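Heads up, the thing below is written out as structure tokens.
Values in this text are rule-based calculations from the coordinates and carry no lab data. Fair warning: this is a prediction, and the values are worked out from it, not measured in the lab. Don't worry about glycine lacking a Cβ; one is built from the backbone with ideal geometry, like all the others, and counts go over all protein chains shown.
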């Protein structure tokens, strides 16, 4: 079976790590897996994932009617020429244009994985209606619609009409998380170190985390925060760090490969997001056994457990309160870490790689 994985960008991120893991599993099942993307990067450089790489130059993350139309026509020509058995899309722009192009090109099976649907965005009613229309168009065209969590499946089920039997849950725990030896222990040298991992986009909520850190700094003079990731919000966050007087206390650490080791070498892992699907950084933190403070978004409560205390998104004071609860008690740190690790093991037990061979059936 010849499968095309289509994603807007190839940068290092959660959706890209998911696609890499899926491609490796599909290759192990004997699929011929190829990648098409608008911009080359981390994903396109992964060995053992793809037999061929294709670049679609006009496939951009930003909305650009002329370039988007050009990308659509280019995708139709490309898919008619290549004659894939399956086109499997990921992320918003590639998802909509890719599924429309695949339908026009008469691709036998169109699949899509929803990595935190745009329907969960906190936007105006007009914009939400536009997003809903785009999701509905995509859903009608999709033969296999994969949600990465039960939370996302439920949201899609009540929001859009899908083909009978199309909507399924497929949660993957990537091999690099399963095999990582990193394990959290509380050490004095990093007791007051907070770590957050994720690219610098508004939905990651770092602009909410920074005021929480400023509030906590009055009680914890040794408190430090490192944020690992790159993205368009870097300049804005740097300016906010200056305004809040956090220079020297908060560091933007850029992209790193050994994420689990950075999490294991910190006092607390923080996920301050406004919106998520199932963040892989959270799974990495759970796997290490690190204490976790997070917002109640996406599938976070689903994977951590119904009894876990989570902050409302966009609420710095709630984030600060939960961080204070953990920072002030070593017992609470260890309890939180053990709870996260146990939840991770339950998640791994549900992830069966052998299902990959029949995922399009």
>> With a 10 Å cut-off between alpha carbons and a GNM built on the chain, which of 192, 184, 151 moves the most?
In response: 192
> Stretched out fully, how many nm does the piece from residue 130 to residue 187 gain, at 0.36 nm a residue minus the Cα gap?
Replying inline: 15.6 nm
> For the chain, modelled as a Gaussian network with Cα springs under 10 Å, which listed residue fluctuates most, 23, 290, 342?
Replying inline: 342
> In segment 121-161, which residues have a backbone nitrogen under 15 Å from the label point lying 7 Å from residue 169's Cα in the Cα-to-Cβ direction?
Replying inline: 146-158
>> I need 91, 261, 49 ordered by Cβ neighbour count within 10 Å, fewest first.
In response: 261, 49, 91
> How far is helix 150-159 tilted, in degrees, relative to the longest principal axis of the Cα atoms in the chain, given as a value from 0 to 90 rounded to the nearest 10?
Replying inline: 50
> Given the Cα-Cα distance of residue 54 and residue 261 and 0.36 nm per residue of separation, how much length would full extension add, in nm?
Replying inline: 71.2 nm
>> Along the Cα→Cβ direction, 7 angstrom out, place labels at residue 312 and residue 329. What is the inter-label distance in nm?
In response: 2.3
>> Using a 10 Å cut-off around each Cβ, can you sort 345, 152 from fewest to most neighbouring Cβ atoms?
In response: 345, 152
> Does anyone have the angle between helix 316-327 and the longest principal axis of the chain? Alpha-carbon axes, 0 to 90°, nearest 10?
Replying inline: 60
>> Could you list 242, 135 so that the one with the fewest beta carbons within 10 Å of its beta carbon is first and the one with the most is last?
In response: 242, 135
> Nearest 10 degrees, 0 to 90: what angle lies between the long axis of helix 234-243 and the longest principal axis of the chain (Cα atoms)?
Replying inline: 20
>> Using Cα springs under 10 Å in a Gaussian network model of the chain, which residue among 349, 134, 95 shows the largest mean-square fluctuation?
In response: 349
